[in-house]
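Step one of this worksheet: look at the structure below.
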There are 4 protein chains.
Amino acid sequence: MTRHDIRHEIAHLARVEIHTPDPDGTLWFFKDLLGMYETRREGQSVYLRGYEDPYQWSLKVTEGPVARMDHAALRTSSPEALERRAKSLKDGNLEGKWTDGEFGYGKTYEFTTPDGHDVRLLWEAEKYRAPEELKSKILTRASKKPLRGIPVKRIDHLNLLASDVTPVKRSFERHLGMQTRERLVDGDVEAGAWLSSNILGHEVAIMRDALGARGRLHHIAFYYGNPQHNVDAAEMFREYDIVIEAGPDRHGLSQGAFLYVFEPGGNRVELFGDCGFLELEPDFETKTWTMDNIDVVTAIGGTTLPQETYFTYGTPPLDSPEQAAA
Amino acid sequence: MTRHDIRHEIAHLARVEIHTPDPDGTLWFFKDLLGMYETRREGQSVYLRGYEDPYQWSLKVTEGPVARMDHAALRTSSPEALERRAKSLKDGNLEGKWTDGEFGYGKTYEFTTPDGHDVRLLWEAEKYRAPEELKSKILTRASKKPLRGIPVKRIDHLNLLASDVTPVKRSFERHLGMQTRERLVDGDVEAGAWLSSNILGHEVAIMRDALGARGRLHHIAFYYGNPQHNVDAAEMFREYDIVIEAGPDRHGLSQGAFLYVFEPGGNRVELFGDCGFLELEPDFETKTWTMDNIDVVTAIGGTTLPQETYFTYGTPPLDSPEQAAA
Amino acid sequence: MTRHDIRHEIAHLARVEIHTPDPDGTLWFFKDLLGMYETRREGQSVYLRGYEDPYQWSLKVTEGPVARMDHAALRTSSPEALERRAKSLKDGNLEGKWTDGEFGYGKTYEFTTPDGHDVRLLWEAEKYRAPEELKSKILTRASKKPLRGIPVKRIDHLNLLASDVTPVKRSFERHLGMQTRERLVDGDVEAGAWLSSNILGHEVAIMRDALGARGRLHHIAFYYGNPQHNVDAAEMFREYDIVIEAGPDRHGLSQGAFLYVFEPGGNRVELFGDCGFLELEPDFETKTWTMDNIDVVTAIGGTTLPQETYFTYGTPPLDSPEQAAA
Amino acid sequence: MTRHDIRHEIAHLARVEIHTPDPDGTLWFFKDLLGMYETRREGQSVYLRGYEDPYQWSLKVTEGPVARMDHAALRTSSPEALERRAKSLKDGNLEGKWTDGEFGYGKTYEFTTPDGHDVRLLWEAEKYRAPEELKSKILTRASKKPLRGIPVKRIDHLNLLASDVTPVKRSFERHLGMQTRERLVDGDVEAGAWLSSNILGHEVAIMRDALGARGRLHHIAFYYGNPQHNVDAAEMFREYDIVIEAGPDRHGLSQGAFLYVFEPGGNRVELFGDCGFLELEPDFETKTWTMDNIDVVTAIGGTTLPQETYFTYGTPPLDSPEQAAA
């Protein structure tokens, strides 16, 4: 099977599970500020979805000793694609296992990236069906936009930190058929890679962990679809004591409107204001940025990303016991 | 080859050629108001591109006795896909022929839709390379955003009128692998179909011609990527005597921010403010709207589409000699 | 006292009281959709304020048999200005009386416009002081922006219908010192007048009642301060079954971003997206529009105001018993 | 004459003259990027106006050895107010003189603030009358919005640096009747004051010069009226190599949407996205901010003002020969 053939095998990022030491704060953040709907509670976990997320959940919040990503799951474009991708990973010596699905999703292949992130593939996903009072008049909208906070539409993308970007990138390219749209290089070293399997700028990004740690999360991103909502959200975050790291502004890389904040549990969340650049060309060329235009990479406007956090802070934080043991 | 296999064979809408009886007015509209770059003049034709269009041109303006679409061309996702799609069309008895490319594009397969529209397929497309002074700092941007008017980024989609929607829709589904995302039905009759082969809401739409004419154009759409620019453009059009048909507002169908105007030659042009709903689900269900919610189909806000033009006016206009002879 | 001297005697529109036959619906509209805070309940009335309204209330919702404006009140710029304006009204044979204040406001002069509207003047107004949990970090913001609906900042302006515009306009000019910024004339007849006593485009407008009724309300307007919020509100209103009459669009007259809806009780409400044109010139010239540019008067974009309601519907509706008795 | 009586004697900021060592660059900036119209050239000076500026010019660009403000002029609200303000200044020992007007303006009273800024008062101002081809359909718009760059509507406000804020503030309060809306204090020292004589947040601001220099300019601000245009302008500045100092973001103080850049000559220019907070209360209380909430003062979003420039850079720069001689 050629590279050509596999480039649409992954459909999109379906869900992420995060751990939080402050579940009340984290749930207040996602439900009251970002307007996500709760679809289930089970044990120490709560399942959430944005009003346009198509499935039962896109975010699972689980109480845990330290803020971190538990796992992320990509949906394949067919059941056969799932089998093929699992086989490719196995053939490539990326360890993995099949598990039964959990709430809202079916059979799942779990593997570990070369840097230690827990990533999963699945096909079966239960479509969310809104009860009558939550049905939207807009047929492509899975449920009404809620009246709480500044509601996000859906999950958008995932940004992982890695001690070494290139092997993680290569595994996503080789085994998942994802394509690297843009890269950032620092001399000979790959400092970041942004990958997608559809016309979005990226669904998975991998950035160098300046502290050299393995398998951490940089951020998960949710989608507004309107850059003004990033501005509205910034005002809300400021008023309600959520720490804004940077933005609202627009990245040069991806051309996406961004806003970075820390949810009360400590995980970084990006609000993605619009779709940014959509790559329609089937034979696009990967764009390579260098450190001398890092300012445009990060922001078209006047934002300077805070050095003390943006390139070093990830979850789990390095001073956490869990991370220290790793 | 199964339907599954062909759903990514068409990459995107690459270009449209229109005829205009007022070439000066039409070019002023696209160049001075919509900020498109001229890349070539040849005979009675001028080639234009938006600042993020990836190829040499996305719009060809040709002087002609009557406003109309000459042809539209879709780019396939590989050279093999082009061969396969041409074969499928031939096998399906949709007449066509191979021609040499014209400026900026290669070998082309031209066919006629069941309703008489000239649609073309091609793979070879020359990438636009900006001269130094037009190079953008943003690597995914093929050229600087110009300082004229309210510039569009790129061509977005094509909306065709048809005397009978269903056969045209079926030919795009069967032979081009495009998927129908949303439909409008009027009792048993299909009043409209919106198709795409990527996650965009549509790249080709087909709407019923209320006058029963064959092979006409409803509109071509260009992309802003920011709904505020539709508002800015409306103000510009008002000040510079361009007739606004409807908008700015947001469609319920596609969730796209719209503004409809008539370019001075008479063709309807839509400005598409943002990407609207992106369909990420590989097993999405086609959404079917009925006439009893036509108000939401057309606008989420208060816009009422003008009955006297929106559902009947197309190009060529029915009173034109060219159309009368058809 | 010359006209020059009195042009700042009125400071701004402080409050409006409306009647509604559907108090639950009306309160849900203003509190849950427009995010207004309730500051008091008393008898059949509820007092509301937007998060930047400076006083205890800007809107009083009272249960009543028919939708209508009970009264509107303007605040003067000093206690002496209140005395002077009351004297001028009396000297001008506009009947009135002094009353004690009600909740949050002091001594009030009530008079009746030549067309029968109940308008009041007052100076004493109790500043709203937010409790700790509602205090904003932004010092000019009287309370935090709430997390419900798409919240309005404050009351903006008042638009009255009159059987005869000119006498009402003249009484506001002569006795209150307000200035007519823009006018609409239909031949020899004044079809509308927009007045202010500060740099806002208008705080009181008077439009001709096409049905010839006396003393009705056209609309009250609340202020967002961001035109995108009109778009967000339109989407909310559509989803939650509030009838949108027209917009979002921008008026040519006043250059204000507008959206007209009917609150569940039946009163028309305008959402004013931004401040529109601010008149800084002390010797500005009144702008006079004529009916041949009525389209630009009403909208810069493609909106057509619905003839069947915009120019004829007011509250109380003409078929109401209360109005029939008037 | 009481304080009450003088609070509307100043109508608004009418014009500013700046010097630039790079007149070609400065004019390209204001004309091609900010879309200002040139109304006259004379000697080493060019007169410019935004498309909604009501007079012949709001900005005069003069070639000079060093970037700086030459003078700013406020328009009074009547000819009598001009006489009264001049007398008050004289009585207050602020030296001044009457001069004849220059292009577009009449008799002028020139005085020097306690910190050395050249500020002028005038009443006579020639209204700009657009030629037929530049007439706008919108009657409150003095001329059509041009098709060049991202055009500003009009001049908005002036921000002066002072070695000692308080005396300058007091002179504007006492002699010009301007009111201090917001203040920033650093312990016992006034670090900034924002003054207005209408409902705008400020027309003149005075900020402490961290370098202790006298009589410098911090920035002049131009008005867009739409915060999205600040974002559009930032993208334009980035593409066309204009240095962005900070923004787009929104100040907590004034609630104005800001973007700071340096024009090619070196003067700081602010683009003011919308009107921010409008002070309608005649008996408003001055809001006093302290250094512990300086982050909200400067930005509601994530912007950090660059310490190395924002609080120290002004024009003339301190290393300029002109300044060294002062």
Inset, instruction - Quick one: which residue in A:Thr76, A:Thr2, A:Thr20 is of a type in the set (S, T, N, Q), at pLDDT below 95 and at negative phi? - result: A:Thr2
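Would you check if D:Gly212 is within 26 Å of D:Asp70 (Cα to Cα), surrounded by fewer than 19 Cβ atoms within 10 Å (Cβ to Cβ) and away from chain C (no Cβ under 14 Å)?
yes
Quick grid of which residues meet (1) more than 21 Å from the chain's Cα centre (by Cα); (2) modelled with pLDDT of 95 or more; (3) at negative phi:
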site	(1), (2), (3)
A:Tyr223	no, yes, yes
A:Ala234	no, yes, yes
A:His251	no, yes, yes
A:Val296	yes, yes, yes
A:Thr312	no, no, yes
A:Pro317	no, yes, yes
Inset, instruction - Give the residues of the range D:133-163 that are assigned to a strand (DSSP E or B) and over 26 Å from D:Tyr240 (Cα atoms), sorted by residue number. - result: D:Leu160, D:Leu161, D:Ala162
Inset, instruction - At least 3 residues that are touching a residue at least 12 places away in the same chain (Cβ under 8 Å) and touching a Ser or Thr at 6+ places or on another chain (Cβ under 7 Å) in each: list the strands (runs of 3 or more DSSP E) lying fully within the range D:226-326 that qualify. - result: D:244-250
Inset, instruction - Considering only residues that are farther than 17 Å from C:Gly101 by Cα and among the small types (Gly, Ala, Ser), look in the range C:22-59 and name the one that is farthest from the other protein chains (Cβ to nearest Cβ). - result: C:Gly25
Inset, instruction - Give just the number: which of (1) of a type in the set (A, V, I, L, M); (2) surrounded by fewer than 17 Cβ atoms within 10 Å (Cβ to Cβ); (3) within 11 Å of another protein chain (Cβ to nearest Cβ) does B:Leu318 not satisfy? - result: (3)
Inset, instruction - Assess whether B:Gly106 counts as being farther than 24 Å from B:Arg216 by Cα and either at pLDDT below 95 or not β-branched (Val, Ile, Thr) (or both). - result: yes
Legend entry - Among the candidates A:Glu279, A:Glu239, A:Glu285, A:Glu203, residue that is surrounded by fewer than 24 Cβ atoms within 10 Å (Cβ to Cβ), under 25 Å from B:Asn226 (Cβ atoms) and not β-branched (Val, Ile, Thr): A:Glu279
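Here's a check for you: in the range B:267-315, which residue that is among the aromatic types (Phe, Trp, Tyr) and out of contact with any helix residue (DSSP H, G or I) (no Cβ under 7 Å at 6 or more places or on another chain) is nearest to the other protein chains (Cβ to nearest Cβ)?
B:Phe277
Do we find a residue being of a type in the set (Lys, Arg) and more than 23 Å from B:Met69 (Cα to Cα) anywhere in the range B:280-292? Talk me through it step by step, then tell me what you get.
So in the range B:280-292, the residues of a type in the set (Lys, Arg) come out as B:287.
From what is left, the residues that are more than 23 Å from B:Met69 (Cα to Cα) are B:287.
Taking every residue of the range B:280-292 in turn, at least one turns out to be of a type in the set (Lys, Arg) and more than 23 Å from B:Met69 (Cα to Cα).
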Legend entry - Residue, surrounded by the fewest Cβ atoms within 10 Å (Cβ to Cβ), within the range B:89-110, restricted to residues that are among the hydrophobic types (A, V, I, L, M, F, W, C) and under 15 Å from B:Glu173 (Cα atoms): B:Leu94
Legend entry - Total residues in the range A:1-21, condition more than 14 Å from chain B (Cβ to nearest Cβ), assigned to a loop (DSSP other than H, G, I, E, B) and in contact with a helix residue (DSSP H, G or I) (Cβ under 9 Å, 6 or more places away or on another chain): 0
Inset, instruction - Given the conditions (1) within 14 Å of the chain's Cα centre (by Cα); (2) at pLDDT 95 or above; (3) within 14 Å of another protein chain (Cβ to nearest Cβ), report the number of the one that A:His202 does not fulfil. - result: (2)
Inset, instruction - Could you list, in sequence order, all residues of the range D:86-123 that are touching a residue at least 40 places away in the same chain (Cβ under 8 Å) and small (Gly, Ala, Ser)? - result: D:Ser88, D:Gly92, D:Gly104, D:Gly116
Inset, instruction - Give the number of residues within the range D:152-181 that are of a type outside the set (A, V, I, L, M), surrounded by 22 or more Cβ atoms within 10 Å (Cβ to Cβ) and under 30 Å from D:Glu235 (Cβ atoms). - result: 4
Legend entry - Selection within the range A:10-24 - under 18 Å from the mean Cα position of the chain (by Cα) and not polar (S, T, N, Q): A:Ile10, A:Ala11, A:His12, A:Leu13, A:Ala14, A:Arg15, A:Val16, A:Glu17, A:Ile18, A:His19
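State yes or no: is D:Leu27 aliphatic (A, V, I, L, M), more than 17 Å from the chain's Cα centre (by Cα) and not in a loop (DSSP other than H, G, I, E, B)?
yes
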Inset, instruction - State which residue is farthest from the other protein chains (Cβ to nearest Cβ) when the search covers only the range A:245-260 and only residues that are farther than 21 Å from A:Thr286 by Cα and of a type in the set (A, V, I, L, M, F, W, C). - result: A:Phe258
Legend entry - Lone unmet requirement of (1) more than 21 Å from A:Arg40 (Cα to Cα); (2) in contact (Cβ under 8 Å) with a residue 12 or more places away in the chain for A:Glu83: (2)
Inset, instruction - Go over the candidates C:Arg120, C:Arg174, C:Arg129 one by one and state the one that is over 21 Å from the mean Cα position of the chain (by Cα) and basic (Lys, Arg). - result: C:Arg129
Legend entry - Selected residue (criterion: nearest to the other protein chains (Cβ to nearest Cβ)) from residues of the range C:128-158 that are farther than 17 Å from D:Phe277 by Cα and among the acidic types (Asp, Glu): C:Glu133
Legend entry - Complete set of residues in the range C:203-225 that are among the hydrophobic types (A, V, I, L, M, F, W, C) and either under 21 Å from A:Lys137 (Cα atoms) or in a loop (DSSP other than H, G, I, E, B) (or both): C:Ala210, C:Leu211, C:Ala213
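The values are calculated or read from the model by the stated rules, or taken from the named source; none is laboratory data. As the structure is a prediction and not an experimental result, all values here were calculated from the model. Cβ atoms come from the backbone with ideal geometry, glycine included; neighbour counts cover every protein chain shown.
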